[in-house]
Every structure is written in C-alpha cells, then in structure tokens.
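Student: Provided herewith is a single structure, encoded as structure tokens, for subsequent inquiry.
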Amino acid sequence: MKSQSLKVRAQVMLTYGAPFIVGALVFALCHYLERCGIANVADYYQKNMRASLFAGFLTLGSFLLSLKTGIVIKIKENVYDKPGYQEKVDEAQASGVKTTVYAPLRRLSKLLSAAVLSALLASMLQLTLGLFSIWWAAATCLAMAALALTYLLEAFALIQKNLWDWFEYLDDEAEKAKVVRKAAKDKAASQ
Amino acid sequence: MNRFNALTPWHNCKGEINDFCERVAAAMKIKLLGIEMTTGQGVTLADLFQSIGETGGSPVDVGGHSRFTYVDKVDGYHVGLVITTKDHNKFLEFKRDKTTAKLEARDVSAGAKLADFNFFAINETTGKGIYQYYHQSCGVNLFGLLCKSFYEKLKKKRMDAAKATFKELTLKAEKQINKDYAGTLKWEILVRKETFDKMVSELKSIQAVTLAVSTLAYADTAFSPIALVAKNMSQRFTFGKGASVASVASSILQVAKATDVEGAKVEGVGDDGLEQIIKMFNTPDVFGEYDFDDIAQTMTISPLDFAKSSFLQSMIKVAKEEPVIKDIAKK
C-alpha cells in the first residue's frame, strides 16, 4: 500500500478523532453537572435514557451493518471498478498524488465498520455499565452514545458524498454516451 | 574607422531623435488606460472619494504642480477630474513657412494658468477603472500619489478619532486600532501579456515579481473517489538591488510563454524614481485613443459640472463594456 499524503492523514485523523472529542465533551459535561449538584446524572440517565439508547443504537447498528456491505459493493462496482475512473487514478498517480484505486473505498469501509461497532458497543454498554448507579458509569454510557452518534453522522455525510460523486460520474458517462450517439446518428445521416 | 562618426555624437543620436519625434507625435493622442485601486483596512474607495469630494476642489501639491480634484458618482462608478496647473505663464509658438521660421513667446491670459486635465472612472465594486492620460498630464503614478495623500489624511483622522474614544489608551487598544487600519492605498496599471514585457523592461529596477497560475489537478481524498479540482497558486519572488531588469523581464516572459500564467505583477521603480506596479491582465493596454485637439475643444466647462462632460460619459460607456473592469476577478 502506498504511503498517504499529509492531507489524507489529517482528514483520517480528524474523522476518527472528532467522535472521541465529542464523547469527551459529553463526559466532561456530565462530570460538571454532577459536581456542581445541578443534576443527578446517574438517576436521570437510568430513568429516562438508558432503555431508549439501548434500543436506538441496537437498531441503528444492525441497520448500518446490513447497509454497509451493500453501499460499499455498489460504489465499488459502479465507480471504482470502471476503466474510466481507473484511468483517472493513473493520471493522478502520474501527477504525484499518493493514492491507489481502492484506497478511498477501503477507508470508507473501515469508517463504516467503526460506526457500526461504536453503535453496537454503545448499545451493549447501556445494558452492562449502565446498570450501575454511579455518575461516571452513566457518563461513560452517554459519552459512548455521543461518540457513536457522531460516527453515524460522519458515515451518513460520507455516504452522501460518495453517492454525489457517483451521480456526477453517471452524468459524465451519460454526456459521453450522448456524444457517441450523436456522432453515430450524423454518420448514418451522411451515408 | 569613420572619423566623423567617432567625433560627432549627432550621427549616433539620430535614432534617439526619431524616437523623440515619434513620442511627440504620440503625445497628441489621449489614451484611456486600465488601472486598479485597492485600499487597506478601515477605509474604502467610497470613503476615499467622498473625502476628496469634501475638499471641494482645493489644490494639492503633488509632483511639483498644483492639482485640483473634483469627484462624483455616476452609474456605479467613482468618476473624477484632475486639473493640473503649471506655474509658468509664458508658452512658445513656432511658425515656419517656405522662407522663414520664427519662435514667439506668448502670455497666458491675465489671471489664468496653463492647465492639463485627466478624467477617471473607477468601478465601485471591483476597484478597476479607466484613467485618461496624455503626454505631460498627470500620470497614473502621480494620480495614485494624489489619492494616497487624501487616503492617508482620512486614515489618520479616523485613527485619531478611534483613539480618542478611549479614556486611557492602552498598548493593546493602540495595536488593535493600527490593525483595524492596516495597509494603504495601492494602485496598479493593467497591461496585457504582449506589452507587459516591454513595460517591465522600461523600469529602472525590479523589487518583486508575483506570478499567479491556475491549474486543474487531482485532489487526493480520504473517503471518496478522487476528483479534478481547480488550484490557484500565487508565488512572489523578491530581488536584490543588483538584479538586472533585462534578465528578469526576459525570464518573466519565458515563464509566461511556457506556462499558463493567469496573471503577473511586477513591483519596481520607474524612470521617475517612483514605485510602480505593473499588473498583467488579459485586457487591451489602451481602452481607447482620441485626438487631443478634438477632446480639448470640448473642455470649455466648469470643473464642478465635469460629470456632464460628453468625454467622461464615453469613458464610462467604455468601462461598462469591458469585462475586466466590471467583473470581479476570481480569487
């Protein structure tokens, strides 16, 4: 595998790091609320949030798990496997871009896996650690939920971006096909 | 060796005299040049021209002559008239027929002074515009210096006012005020690629060159298919005092020919010893050329009514038709 450019490394680090930052912020907020006596975090969490978070993340995780393979395979077949796209990658490599044909897809697949895993882990934590009536246990469960939710939002945005690129690619292909059809029509008319 | 040639400079100077004659002949033309003005922080072009307007045409001494500036706003353009008066009251007339030739001194009419005029029309949004110029009138650089003198006065006034709002001016507040009014008025002459090289060669020295290149390149993406994106790159090269103008000028032209240079800017010192910035643009060098006598004939006007001048109206029309003047450049 070729080495990554600095820009790509930064993008990857930011994408994987942002959910952890959000999780840490939620944990810090819980700590602040508990310490200042504003709210009983553990009590509120167990009474109002634990069950919903368990069901919600279990559903989201399972749904994304089934969707992930479909999305990745579809984008692979319709964009990455196309000779036109592979020529573009050859050109990009020749101009000095450090990439391979399937590198972005591999990264997307890994991120979707991380999103699925985080959602399932968040769901599991509600049933295990969430049972303890201690503020830090509740805070950890809420932080994990926030982390998983951020991963899911990122996955959604990236899937959207890939679909967008796919449709643009389809548009380009349609335009090329139109030119070929017109040329064939002109040729037939001249004969 | 031809003794005559070696001893008399006359023979060698023939070319220069011919050049001089051509320049005199060209001086009879009024040219419309492209210029661009940019301001620093805290003072806009609108503020600048408003402050010039408030002086009501009071004279300002720039470049050894008194300049009277009148400004107005017409159809989204800051328009103005700069009148330069000369101190001498006599001028010479030369009469020549088949047998005789006579040089005669004449007086300017009592209470009057010899004057030159320059109109300008600058787009409010883009800061680009047209400046009318003819030989011996106020050049673009002097016009820039004239505007800069107003700009600096206004900037100082505003900075003093901002400082006066503080009971006790701290170092931090002073720094913030200086930051709010950072930069100054800059002006550039817009020239096209072909004559850019010639104009640069005429500079006395070159301080810096900025080249802008726009290319399509593949962007490396982390999670989505690679795509072509437009990349704008700007590179500034600075030169020491000893840099040869000729070699720098030819190098710039070579780069401009070899690559798809979007724009180039050369900062240097002109023949008059003033700093001059020449900016290469995809534009005509001269947006219009008129006969001096024809235009001078229409100049029997009150300077306060200059906006009604038919020549200024035609300048605004030219500016409106030029995409480089009215369109905002892509950054």
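Student: Please go through (1) at pLDDT 90 or above; (2) farther than 19 Å from A:THR15 by Cβ for A:ARG106 and return the number of the only condition it doesn't satisfy.
Tutor: Every condition holds for A:ARG106 apart from (2).
Student: From the list A:THR150, A:THR128, A:THR140, which residue is more than 14 Å from chain B (Cβ to nearest Cβ), β-branched (Val, Ile, Thr) and touching a Leu at 6+ places or on another chain (Cβ under 9 Å)? Explain how you work it out, then say what you get.
Tutor: Details: A:THR150 fails: touching a Leu at 6+ places or on another chain (Cβ under 9 Å); A:THR128 fails: touching a Leu at 6+ places or on another chain (Cβ under 9 Å).
Going through A:THR150, A:THR128, A:THR140 in turn, just one is more than 14 Å from chain B (Cβ to nearest Cβ), β-branched (Val, Ile, Thr) and touching a Leu at 6+ places or on another chain (Cβ under 9 Å): A:THR140.
Student: Then there's this: What's the total number of residues in the stretch B:139-187 that are in a helix (DSSP H, G or I), closer than 26 Å to B:LEU81 by Cα and of a type in the set (Lys, Arg)? Walk me through how you get there before you give the answer.
Tutor: At the first step, the residues of the stretch B:139-187 found to be in a helix (DSSP H, G or I) are B:140-164, B:171-180.
With the extra rule that they be closer than 26 Å to B:LEU81 by Cα, the set shrinks to B:140-158.
Subset that is of a type in the set (Lys, Arg): B:148, B:153, B:155-158.
Of the residues in the stretch B:139-187, 6 are in a helix (DSSP H, G or I), closer than 26 Å to B:LEU81 by Cα and of a type in the set (Lys, Arg).
Student: Only one of (1) part of a helix (DSSP H, G or I); (2) of a type outside the set (A, V, I, L, M, F, W, C); (3) buried (at least 21 other Cβ atoms within 10 Å of the Cβ) is not met by B:GLY129, so which one is it?
Tutor: Every listed condition holds for B:GLY129 apart from (1).
Student: Among (1) surrounded by 18 or more Cβ atoms within 10 Å (Cβ to Cβ); (2) among the polar types (S, T, N, Q); (3) at pLDDT below 85, where does B:THR195 come up short?
Tutor: (1)
Student: Here's a follow-up. Could you list all residues from the stretch B:151-168 that are under 33 Å from the mean Cα position of the chain (by Cα) and charged (D, E, K, R)? Working first, answer last.
Tutor: So the first thing to find is which residues in the stretch B:151-168 are under 33 Å from the mean Cα position of the chain (by Cα), and the list is B:151-162.
The answer is B:GLU152, B:LYS153, B:LYS155, B:LYS156, B:LYS157, B:ARG158, B:ASP160.
Student: Looking at A:LYS110, is it within 10 Å of chain B (Cβ to nearest Cβ), within 15 Å of the chain's Cα centre (by Cα) and assigned to a helix (DSSP H, G or I)? If you could, list the steps in order and put the result at the bottom.
Tutor: On the way: within 10 Å of chain B (Cβ to nearest Cβ): yes; within 15 Å of the chain's Cα centre (by Cα): yes; assigned to a helix (DSSP H, G or I): yes.
Yes; evaluated as a whole, the condition is true for this residue.
Student: So, one more: Here are some conditions: (1) touching a Ser or Thr at 6+ places or on another chain (Cβ under 8 Å); (2) not in a helix (DSSP H, G or I). A:LEU53 meets all but one. Which one does it not meet?
Tutor: Failing condition for A:LEU53: (2).
Student: Sort out which residues of the stretch A:150-180 are in contact (Cβ under 8 Å) with a residue 40 or more places away in the chain and within 30 Å of A:ALA24 (Cβ to Cβ), and write them in order of number.
Tutor: Hits for the stretch A:150-180 are A:THR150, A:TYR151, A:LEU152, A:GLU154, A:ALA155, A:LEU158, A:ILE159, A:ASN162.
Student: Among the residues in the stretch A:68-89, are any of a type in the set (A, V, I, L, M, F, W, C), without any contact (Cβ under 8 Å) to a residue 40 or more places away in the chain, within 19 Å of A:TYR169 (Cα to Cα) and away from chain B (no Cβ under 11 Å)? So that I can check it myself, show each step before the final result.
Tutor: We begin by selecting, within the stretch A:68-89, every residue of a type in the set (A, V, I, L, M, F, W, C); these are A:71-73, A:75, A:79, A:89.
Now narrow it down to the ones that are without any contact (Cβ under 8 Å) to a residue 40 or more places away in the chain: A:73, A:89.
Next cut, within 19 Å of A:TYR169 (Cα to Cα) only: A:73, A:89.
Right, trim to away from chain B (no Cβ under 11 Å) and you get A:73.
Taking every residue of the stretch A:68-89 in turn, at least one turns out to be of a type in the set (A, V, I, L, M, F, W, C), without any contact (Cβ under 8 Å) to a residue 40 or more places away in the chain, within 19 Å of A:TYR169 (Cα to Cα) and away from chain B (no Cβ under 11 Å).
Student: Filter the stretch A:115-146 down to the residues that are surrounded by fewer than 18 Cβ atoms within 10 Å (Cβ to Cβ) and in a helix (DSSP H, G or I), then identify the one that is nearest to the chain's Cα centre (by Cα).
Tutor: Going through the stretch A:115-146, the residues surrounded by fewer than 18 Cβ atoms within 10 Å (Cβ to Cβ) turn out to be A:117, A:121, A:124, A:127-129, A:131-134, A:136.
Remaining after also requiring in a helix (DSSP H, G or I): A:117, A:121, A:124, A:127, A:129, A:131, A:136.
Working: A:LEU117: 12, A:LEU121: 16, A:MET124: 20, A:LEU127: 25, A:LEU129: 26, A:LEU131: 30, A:TRP136: 28 Å.
The selected residue is A:LEU117.
Student: Counting only residues that are part of a loop (DSSP other than H, G, I, E, B) and either in contact (Cβ under 8 Å) with a residue 40 or more places away in the chain or polar (S, T, N, Q) (or both), how many does the stretch B:98-118 have?
Tutor: Narrowing the stretch B:98-118 to residues part of a loop (DSSP other than H, G, I, E, B): B:98-100, B:108-114.
Restricting the remaining residues to those that are either in contact (Cβ under 8 Å) with a residue 40 or more places away in the chain or polar (S, T, N, Q) (or both) gives B:99-100, B:109.
Residues flagged as part of a loop (DSSP other than H, G, I, E, B) and either in contact (Cβ under 8 Å) with a residue 40 or more places away in the chain or polar (S, T, N, Q) (or both) within the stretch B:98-118 amount to 3.
Student: Now for a different question. Being farther than 20 Å from A:GLN160 by Cα, at pLDDT below 85, facing chain B (nearest Cβ under 10 Å) and in contact with a Pro (Cβ under 9 Å, 6 or more places away or on another chain) is the requirement here; does A:LYS98 meet it?
Tutor: no
Student: Check the stretch A:29-50 and report whether any residue there is in contact with a helix residue (DSSP H, G or I) (Cβ under 9 Å, 6 or more places away or on another chain), within 14 Å of another protein chain (Cβ to nearest Cβ) and not aromatic (Phe, Trp, Tyr).
Tutor: no
Student: Filter the stretch A:8-28 down to the residues that are more than 14 Å from every other protein chain (Cβ to nearest Cβ) and either under 20 Å from A:LEU129 (Cβ atoms) or of a type in the set (Gly, Ala, Ser) (or both) and list them by number. Show your work before the answer.
Tutor: First, the residues of the stretch A:8-28 that are more than 14 Å from every other protein chain (Cβ to nearest Cβ): A:19-28.
Scanning the stretch A:8-28 gives A:PRO19, A:PHE20, A:VAL22, A:GLY23, A:ALA24, A:LEU25, A:VAL26, A:PHE27, A:ALA28.
Student: Can you tell me which residue among B:LEU190, B:LEU216, B:LEU211 is touching a Lys or Arg at 6+ places or on another chain (Cβ under 9 Å), part of a strand (DSSP E or B) and at pLDDT below 75?
Tutor: Values: B:LEU190 fails: at pLDDT below 75; B:LEU211 fails: at pLDDT below 75.
After applying the criteria, what remains is B:LEU216.
The values are calculated or read from the model by the stated rules, or taken from the named source; none is laboratory data. Keep in mind the model is a prediction, meaning the values are calculated, not measured. Please note: Cβ atoms are built from the backbone with ideal geometry, for glycine as well, and neighbour counts cover all protein chains shown.
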